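So the structure is just underneath, and the comments pick up after that.
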């Protein structure tokens, strides 16, 4: 192999020195002056950087990666937030590595080449472009670090086009960059964010980063690093003595302080979205929270810090088609019901009747089901943020009631009805609920059941489970709930089809930054840095709870109060899986876990509902493997370089 390489290099040197015309650039190839010598060229280059940035938006799926045109499944069905027709107990499997280093190289290339053409532009323009490249590089390294820990650190351009053969040969070993320590990667991210913050302006074109996007990224990344320093127990040190998994616990204060300080840089620059919010008006607070995620205006949405823009027909996604309730499915059919929030998630919100253990109360003191005139009665006092996040059974969406039932009980309910199936099992419902095999599990209008009040209804309703529970293809909810967040309430059914949605995705919003500050502050308080931090944490959390329509905390009872607030506020935004990972609690929550459902069942003889709490009937268990805290570096990458040691368990 070496002999072949030497022959190739020698031949190339001879050909280059004997034929100077090879130095003439081909006329059909874009050269550096074409790109970096004009503003249009640089903007085109920047557009490519942004388009390949690892933003986990509507087109991301753990099994496929980023920028997928048809990401069938739900990325939220691995955290307990939801279950899905097409996703089960998985972690990321697509292996984000090669694409990351291509993007890092593209950033390095701009940062190395653009200064040569600086005379063509105003100094502020050059500084901004360099800052944007540093922001994207930092964001890419964050995406690597949160997956793998310490990774190869490439902070300069390697193997530059146009280098001589001798220069290239000297870099062959340099290109086999070993993994840096995890601590070094987090420090590098912080440095890039600081320099990007200093270089970029306060505002930028929509969809491009400003200095405050860099500050938001730093607050997120440093919070992650602080959590690893405090909670991680997995360690890997290479034979060369480099700790590629794990951070010294002594660095926790440093990183939490950096997260706290970065969050404070946005004070007075952004604000929580309250355009429709009215104190004491739960309906207005509900509508306000819905609008937060559908207001695609940088002028009116002052919470959005950094967004990925979509615009039909140029760049669109299929969020609506994938997630609307079954009865609002578009004309193409079988695109709906992918993200089905679990009862476990719904129970995190206040305003529900609760048992002493915090679970929802649906049985009376005598062990009989409580009856309801309507399926929404049990949610009458739920906080507005819940209704704006989850479509509850019987609630309104697109001007219609979302009709969800699991069946109709046709026996006698006189004197009250005891539990239909044993608690904490996946036992099938009896025939008295489901009826005959041909009637119970379908929604055929010919199979109507007459109630005591004379009305006729189908057993499942238009959006309930009306096919075989294990047959995923035809939709319906398994949990009693549907997703609402980010769905467009104005989109007509005719346009609820794949590739037609164009809501913007907020990668960074001020609500997250406020929670980053709250968590970092409380962690600093717990680490003995002063009671002032606890006060700051309380103030920050209450800003979020006030906007949500929840009651204010009088005091923070522990770190779990803040963690639960993050899970309520940031649900279905592709943030929770990383929170569970950095807190190192995913394996505790998912240990052969089957998530729970709340299923409305009509009592035929009363024309009233009972709400049945049970395990999700497909009985899909979730177990988080501890080795997933540090993901698998792709085998193809390790095969190319012996300097890349694999992570523990892989």
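Looking at (1) at negative phi; (2) surrounded by 23 or more Cβ atoms within 10 Å (Cβ to Cβ); (3) outside the structural domain of residue 318 (by TED's automatic domain parsing), which is the only condition residue 545 fails?
With respect to (1) at negative phi; (2) surrounded by 23 or more Cβ atoms within 10 Å (Cβ to Cβ); (3) outside the structural domain of residue 318 (by TED's automatic domain parsing), residue 545 is out only on (2).
With (1) on the phi > 0 side of the Ramachandran plot; (2) in contact with a strand residue (DSSP E or B) (Cβ under 9 Å, 6 or more places away or on another chain); (3) free of Cβ contacts under 8 Å to residues at least 60 places away in the same chain as the list, and residue 207 as the residue in question, which single condition is left unmet?
All conditions pass for residue 207, except number (3).
Against the definition (in contact with a strand residue (DSSP E or B) (Cβ under 6 Å, 6 or more places away or on another chain), buried (at least 18 other Cβ atoms within 10 Å of the Cβ) and not in a loop (DSSP other than H, G, I, E, B)), how does residue 507 come out, yes or no?
yes
Restricting to the range 635-645, count the residues that are surrounded by fewer than 17 Cβ atoms within 10 Å (Cβ to Cβ) and in a loop (DSSP other than H, G, I, E, B).
Residues that pass the stated criteria total 3.
Regarding residue 258, is this residue in a helix (DSSP H, G or I) and without any contact (Cβ under 8 Å) to a residue 12 or more places away in the chain?
Taking the combined requirement at face value, the residue does not satisfy it.
Quick one: is residue 413 at pLDDT 85 or above, more than 17 Å from residue 597 (Cβ to Cβ) and surrounded by fewer than 12 Cβ atoms within 10 Å (Cβ to Cβ)?
No.
Starting from residues that are in contact with a helix residue (DSSP H, G or I) (Cβ under 7 Å, 6 or more places away or on another chain) and in a loop (DSSP other than H, G, I, E, B), keep the ones in the range 277-300 and report whichever is surrounded by the most Cβ atoms within 10 Å (Cβ to Cβ).
277
Would you be able to tell me the number of residues in the range 301-320 that are in a helix (DSSP H, G or I) and either in contact with a helix residue (DSSP H, G or I) (Cβ under 9 Å, 6 or more places away or on another chain) or modelled with pLDDT under 95 (or both)?
Final tally of qualifying residues: 1.
Report, by residue number, each residue of the range 83-117 that is assigned to a loop (DSSP other than H, G, I, E, B) and either touching a strand residue (DSSP E or B) at 6+ places or on another chain (Cβ under 9 Å) or within 15 Å of residue 138 (Cα to Cα) (or both).
Selection gives 84, 85, 87, 88, 89, 92, 94, 95, 96, 97.
In this structure, does residue 367 turn out to be surrounded by fewer than 20 Cβ atoms within 10 Å (Cβ to Cβ), without any contact (Cβ under 8 Å) to a residue 24 or more places away in the chain and not in a helix (DSSP H, G or I)?
no
Matching residues to (1) modelled with pLDDT of 95 or more; (2) closer than 30 Å to residue 484 by Cα:
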{"site": "30", "(1), (2)": "no, no"}
{"site": "37", "(1), (2)": "yes, no"}
{"site": "42", "(1), (2)": "yes, no"}
{"site": "45", "(1), (2)": "yes, no"}
{"site": "49", "(1), (2)": "yes, no"}
{"site": "53", "(1), (2)": "yes, yes"}
{"site": "60", "(1), (2)": "yes, yes"}
{"site": "63", "(1), (2)": "no, yes"}
{"site": "72", "(1), (2)": "no, yes"}
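Go through (1) at pLDDT below 95; (2) surrounded by fewer than 23 Cβ atoms within 10 Å (Cβ to Cβ) and name the single condition residue 477 misses.
Result: residue 477 fails condition (2) only.
Would you say residue 555 is modelled with pLDDT of 95 or more, assigned to a loop (DSSP other than H, G, I, E, B), within 20 Å of the chain's Cα centre (by Cα) and not assigned by TED's automatic domain parsing to the domain that holds residue 414?
No, not satisfied.
Taking the range 301-315 on its own, how many of its residues are crowded, with 16+ Cβ neighbours inside 10 Å and more than 18 Å from the chain's Cα centre (by Cα)?
Adding up the residues that qualify gives 2.
Can we say residue 305 is more than 30 Å from residue 210 (Cβ to Cβ) and touching a residue at least 40 places away in the same chain (Cβ under 8 Å)?
Answer is no for this residue.
Restricting to the range 345-361, give me the number of residues that are crowded, with 19+ Cβ neighbours inside 10 Å and touching a residue at least 60 places away in the same chain (Cβ under 8 Å).
Residues meeting the conditions: 3.
Is one or more of the residues making up the range 120-129 touching a helix residue (DSSP H, G or I) at 6+ places or on another chain (Cβ under 9 Å), on the phi < 0 side of the Ramachandran plot and without any contact (Cβ under 8 Å) to a residue 60 or more places away in the chain?
Yes, because at least one residue in the range 120-129 is touching a helix residue (DSSP H, G or I) at 6+ places or on another chain (Cβ under 9 Å), on the phi < 0 side of the Ramachandran plot and without any contact (Cβ under 8 Å) to a residue 60 or more places away in the chain.
May I ask you to list the residues in the range 195-215 that are in a helix (DSSP H, G or I) and either at pLDDT below 95 or out of contact with any helix residue (DSSP H, G or I) (no Cβ under 7 Å at 6 or more places or on another chain) (or both)?
Within the range 195-215, 198, 212 qualify.
The values are calculated or read from the model by the stated rules, or taken from the named source; none is laboratory data. Note that the structure is predicted; figures quoted are calculated from it, not measured. Backbone-built Cβ (ideal geometry, glycine too); neighbour counts: all protein chains shown.
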